[in-house]
Amino acid sequence: MVTERSNEDREVGLLEALWRYKWSSLLLIVLAGLAGGLATVYVFTSVEATAKFAVTDPRSTTFLRQGVSSDSSYIAYTSQRAAFTESAGVLDKARQLLAAEQAMQIGLEDLRKAVEAKPGTNGGIVEVTVTAKTDRSAAQIANAVVAAYQMLTEADAQREQQKLLKSVRSTRARIEAELKRAPARSTTAVTLGEALVQLQLKEGDAAIDLAQYGSGVRFVDQANPLRVTPSQAPKNAGIGLAVGLLLAIVIAFLRATNPIATAQRVTTGTGQRQRTSKTPPTATPPPAPAPSLDEEQEDDVTAVYDRDKLLGYVARSKPGENGVSVDAGTGSSSSQH
């Protein structure tokens, strides 16, 4: 009992437990590694591409300043341009460019989910990040979004310039009409002449502003469509193997130290439970009673035979009374004269 108890209470090491259940542990490790690799191939297959562009500072223009007068307002203006980059108008224009130039058909809602534009860490920079199935498609979408932003921004600047020029030309036409009616070399004529010169300068400045502002972008860092993102399958498979090894060690140790699994009267040496026998136990027969002395004598035929023979022998050797001898064997008597 002491030996059995000491065997049951013996500590089991991690390696010993892992070796005891080596096949189930190996299966668990392999399955975990395969799960990590397959998850990378079939689930985590998206890649990212990023394009960047620098926003033109409106303070460099005269009529397209758009309320920007300080550095803080310029930072706020950059955030506004980032929000405009992922607006429905820009994304729809990008979708049209992709269909026309890259033969890529993609929905507007899919673009909304794939495109993210945000201000960069440095002031005046907007980063456009696109998530797609392949590196090529992600880069093409990012570049198309930046191109669409430039086209729409330049179109907005041209509309603003046209509004300004329309106002300038309307004012100039009115001044020219008044100048014709004013007396020559009069104060009114001189004042109207100076106003007409200012309007002409303003019209020229508007053209210069449009040329400087252009598409609202100083430079563009396009995404590379030839870039290939390294596969994460080997890395994730290795992580899966490591996780599977840890799980296998824990499970094997718990199984090895389970009191039910280590009980010798319940389990076999291989760790499998013994099946209880369904045959009923056989009853032990009661012990036979000790034979008595009379039974021993009755069973002993030799003892009875010797006693009768001895009595007959005594009767023949000893004569009876009156000279008559009795034969014990025949029961007859004889007389002597």
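The values are calculated or read from the model by the stated rules, or taken from the named source; none is laboratory data. Quantities reported herein were computed from a predicted structural model and do not represent experimental measurements. Glycine also receives a Cβ, built like all others from the backbone with ideal geometry; neighbour counts cover every protein chain displayed.
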Can you give me the number of residues within segment 91-148 that are over 30 Å from residue 60 (Cα atoms) and polar (S, T, N, Q)?
7
Sort out which residues of segment 93-133 are among the hydroxyl-bearing types (Ser, Thr, Tyr) and part of a loop (DSSP other than H, G, I, E, B), and write them in order of number.
121
Just need a number here: residues in segment 91-118 that are within 23 Å of residue 55 (Cβ to Cβ) and within 31 Å of the chain's Cα centre (by Cα).
7
For residue 178, all conditions in the list (1) of a type outside the set (Phe, Trp, Tyr); (2) outside the structural domain of residue 134 (by TED's automatic domain parsing); (3) modelled with pLDDT of 80 or more hold save one; what is the number of the exception?
(2)
Residues in segment 222-253 that are at pLDDT below 85, part of a loop (DSSP other than H, G, I, E, B) and of a type in the set (Gly, Ala, Ser) total 1
Selection from segment 14-41 of residues that are under 16 Å from residue 246 (Cβ atoms) and among the small types (Gly, Ala, Ser):
17, 24, 25, 32, 33, 35, 36
